[in-house]
Amino acid sequence: MIAAKGYAAQNAETPLAPFQFERRDLKPHDVQFDIQYCGVCHSDLHQIRGEWGNSIFPMVPGHEIVGRVTAVGDQVTKFKAGDLAAVGCFVDSCRHCENCEEGLEQYCLNGNTQTYNGLEQDKKTPTYGGYSNVMVAHQDFVLKISESLDLPAVAPLLCAGITTYSPLRHWKVGKGHKVAVLGLGGLGHMAVKFAVAFGAEVTLLSTSPSKEEDAHRLGAHKFVLTSDAEQVKAVQNSFDFIIDTVSAPHDYNMYLGLLKTNGVQICVGAPPKPAEIAVFGLLGGRKSIVGSNTGGMPETQEMLDFCAEHNIVSDVEVIPMDYIQTAYERMLKGDVRYRFVIDMATL
């Protein structure tokens, strides 16, 4: 076994603290890499607090993981020592269901293996995430990164990036579409960048007037302050798509009114409590409210290649490992622009 160290939550009430654990020895198709940076996702906080009801403790969070390969199994063909490598939201799947065979491992019908707070495919061995110094994963679930990109700013692409890229690609968002992005956080700022890169007209919807300047800096063409009733009224029936990135409780019905006929509200944020949807808001315009998870392995690699070609990365604030509790507090207040990334050299 490979000795590893990280930060873990022992239960839903205690803060993260140093934790010693073990990674598996290299199997023939495994890649081992030293973790250099790991992004801090809002879901990390939901999970360590047990808010989604499926928490396994002790828990080492982190699924936006980048680093450099140190060793490979004797049958690995995709990586060699010294290569940059990344791991996102999951590290395995059944591989044989119809979704896996189509490269949609995120929707594995038999349950994929989450990078942390999950179980290996044996359904009994817990997984530990990227708030740690070393990673081991099968080469099929490790991604290639261009040396041209700023490595700390790449880390959030493994969740915030692909979680917004995937639905934009699935619904073929592009030139001629009017897209609203609801919320300007870790997910929202990537949704703006991608939607603009795909050629859509992009409007940022936010309750915070302070976000307007950043929205335009990131490429948004318009800004609507959703706490201003007149501004909201002016964009009724305006958008082909709304990318809803908000992870806090909010009124979905209000935003359905901003969609055109046949408009689609795509939910990628995950609030901790169920929402109430008024069905008449859907019927009165053949509107849809849908959800989208992260992307599969082929699409995630496609996204990373697209980012390298167009020089797209996340806006990040790099922090030391022992700053994590303060980072969580700031994240809850929306006080980050737009993703915390942990420098694992500080572990």
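The values are calculated or read from the model by the stated rules, or taken from the named source; none is laboratory data. Keep in mind that what you see is a predicted model, and the values were worked out from it rather than measured. Virtual Cβ from ideal backbone geometry, glycine too; neighbours counted across all protein chains shown. These area figures cover heavy atoms from the full protein model, side chains too; ligands, DNA and RNA do not enter into them. Shrake-Rupley method; radii C 1.70, N 1.55, O 1.52, S 1.80 Å.
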- Can you name every residue in the range 128-140 that is crowded, with 21+ Cβ neighbours inside 10 Å and either under 16 Å from the mean Cα position of the chain (by Cα) or not in a strand (DSSP E or B) (or both)? Tyr128, Gly129, Gly130, Tyr131
- How about the range 155-185: which of its residues are open to solvent by 10 Å² or more (accessible area, probe 1.4 Å) and in a strand (DSSP E or B)? Lys178
- Elements of type helices (runs of 4 or more DSSP H) in the range 198-274, at least 1 residues being small (Gly, Ala, Ser) and farther than 23 Å from His170 by Cα: 212-218, 229-234
- Note on the structure: Taking the range 277-306 and keeping only residues that are among the hydroxyl-bearing types (Ser, Thr, Tyr) and not in a loop (DSSP other than H, G, I, E, B), one is left with Ser288, Thr300
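Looking only at residues that are crowded, with 18+ Cβ neighbours inside 10 Å and at pLDDT 95 or above in the range 323-335, which one is farthest from Ile266 (Cα to Cα)?
Ile324
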- Query: Considering only residues of the range 225-243 that are open to solvent by 50 Å² or more (accessible area, probe 1.4 Å) and among the hydrophobic types (A, V, I, L, M, F, W, C), which is farthest from Lys211 (Cα to Cα)?
  - Reply: Ala234
- Among the strands (runs of 3 or more DSSP E) contained in the range 1-114, which hold 3 or more residues that are open to solvent by 70 Å² or more (accessible area, probe 1.4 Å) and not hydrophobic (A, V, I, L, M, F, W, C)? 17-23
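Restricting attention to the range 307-322, and to residues there that are crowded, with 17+ Cβ neighbours inside 10 Å and in a helix (DSSP H, G or I), which single residue is farthest from the chain's Cα centre (by Cα)?
Ranking the qualifying residues of the range 307-322, first place goes to Met321.
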- Message: What's the total number of residues in the range 153-193 that are over 15 Å from the mean Cα position of the chain (by Cα) and in contact (Cβ under 8 Å) with a residue 40 or more places away in the chain?
- Response: 10
